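Here the structure is laid out as C-alpha coordinates; the discussion comes afterwards.
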Amino acid sequence: MQPPFESGLELDDIAGEVYLISDRLDFERALTCLSRERKDAVILWAQGFTYAEIARQTGSCVGSIKSGVHFAKRQLREALTTS
(Lines give C-alpha, C1' and ligand atoms only; values in the text may rest on other atoms or scores of the structure.)
Protein backbone atom coordinates (compact mmCIF):
# COMPACT_ATOMS: atom_id res chain seq x y z
CA MET A 1 0.00 0.00 0.00
CA GLN A 2 1.34 3.41 -0.92
CA PRO A 3 1.56 6.24 1.61
CA PRO A 4 -1.54 8.47 1.31
CA PHE A 5 0.12 11.40 -0.42
CA GLU A 6 1.86 9.22 -2.99
CA SER A 7 -1.41 7.53 -3.94
CA GLY A 8 -3.07 10.84 -4.80
CA LEU A 9 -5.11 11.17 -1.59
CA GLU A 10 -5.04 14.54 0.09
CA LEU A 11 -5.05 15.16 3.83
CA ASP A 12 -8.59 16.57 3.58
CA ASP A 13 -9.76 13.33 1.93
CA ILE A 14 -8.32 11.27 4.77
CA ALA A 15 -9.78 13.59 7.42
CA GLY A 16 -13.16 13.37 5.70
CA GLU A 17 -13.06 9.57 5.79
CA VAL A 18 -12.18 9.62 9.50
CA TYR A 19 -15.13 11.93 10.20
CA LEU A 20 -17.47 9.68 8.21
CA ILE A 21 -16.36 6.63 10.18
CA SER A 22 -16.68 8.54 13.45
CA ASP A 23 -20.16 9.78 12.50
CA ARG A 24 -21.24 6.26 11.55
CA LEU A 25 -19.99 4.87 14.86
CA ASP A 26 -21.80 7.63 16.75
CA PHE A 27 -24.99 6.86 14.82
CA GLU A 28 -24.70 3.11 15.43
CA ARG A 29 -24.15 3.82 19.13
CA ALA A 30 -27.19 6.10 19.18
CA LEU A 31 -29.32 3.37 17.57
CA THR A 32 -28.65 1.12 20.56
CA CYS A 33 -30.71 3.47 22.76
CA LEU A 34 -33.86 2.65 20.78
CA SER A 35 -36.25 -0.20 21.40
CA ARG A 36 -36.24 -2.90 18.73
CA GLU A 37 -39.62 -1.72 17.39
CA ARG A 38 -38.57 1.92 17.12
CA LYS A 39 -35.22 1.01 15.58
CA ASP A 40 -36.90 -1.15 12.92
CA ALA A 41 -39.49 1.53 12.17
CA VAL A 42 -37.03 4.41 11.86
CA ILE A 43 -34.64 2.38 9.69
CA LEU A 44 -37.46 1.40 7.32
CA TRP A 45 -38.69 5.01 7.28
CA ALA A 46 -35.16 6.24 6.46
CA GLN A 47 -35.05 3.74 3.59
CA GLY A 48 -38.11 5.42 2.08
CA PHE A 49 -40.94 3.14 3.15
CA THR A 50 -44.28 4.80 3.91
CA TYR A 51 -45.86 4.54 7.34
CA ALA A 52 -48.49 2.19 5.89
CA GLU A 53 -45.84 -0.07 4.37
CA ILE A 54 -43.92 -0.18 7.64
CA ALA A 55 -47.13 -0.98 9.53
CA ARG A 56 -47.86 -3.89 7.19
CA GLN A 57 -44.31 -5.23 7.46
CA THR A 58 -44.19 -5.00 11.24
CA GLY A 59 -47.79 -5.93 12.02
CA SER A 60 -48.40 -2.62 13.81
CA CYS A 61 -50.99 0.08 13.22
CA VAL A 62 -50.05 3.20 11.27
CA GLY A 63 -50.51 5.46 14.29
CA SER A 64 -48.05 3.43 16.33
CA ILE A 65 -45.51 3.60 13.51
CA LYS A 66 -45.88 7.39 13.16
CA SER A 67 -45.45 7.82 16.90
CA GLY A 68 -42.55 5.38 17.05
CA VAL A 69 -40.67 7.09 14.21
CA HIS A 70 -41.27 10.51 15.74
CA PHE A 71 -39.92 9.50 19.14
CA ALA A 72 -37.06 7.48 17.61
CA LYS A 73 -35.91 10.54 15.65
CA ARG A 74 -36.11 12.63 18.82
CA GLN A 75 -34.08 10.07 20.78
CA LEU A 76 -31.48 9.83 18.03
CA ARG A 77 -31.20 13.62 17.80
CA GLU A 78 -30.68 13.88 21.57
CA ALA A 79 -28.16 11.04 21.62
CA LEU A 80 -26.17 12.52 18.75
CA THR A 81 -26.08 16.05 20.14
CA THR A 82 -24.95 14.97 23.60
CA SER A 83 -22.21 12.60 22.42
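Quick look at the numbers
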{"item": "Residue list for region 60-73, restricted to those being modelled with pLDDT under 95 and out of contact with any helix residue (DSSP H, G or I) (no Cβ under 8 Å at 6 or more places or on another chain)", "result": "His70"}
{"item": "Those residues of region 24-58 which are of a type in the set (S, T, N, Q) and surrounded by 14 or more Cβ atoms within 10 Å (Cβ to Cβ), in sequence order", "result": "Thr58"}
{"item": "Any pair with Cβ under 9 angstrom, 6 or more apart, that starts in region 41-57 at a residue that is under 9 Å from Val69 (Cβ atoms) and ends at one that is acidic (Asp, Glu) and at pLDDT below 95", "result": "Ile54/Asp40"}
{"item": "Answer residue from region 59-72, given it is over 19 Å from the mean Cα position of the chain (by Cα) and under 14 Å from Ser35 (Cβ atoms) and is surrounded by the fewest Cβ atoms within 10 Å (Cβ to Cβ) among those", "result": "Ser64"}
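The values are calculated or read from the model by the stated rules, or taken from the named source; none is laboratory data. Because the structure is a prediction, the values reported are computed rather than measured. Backbone-built Cβ (ideal geometry, glycine too); neighbour counts: all protein chains shown.
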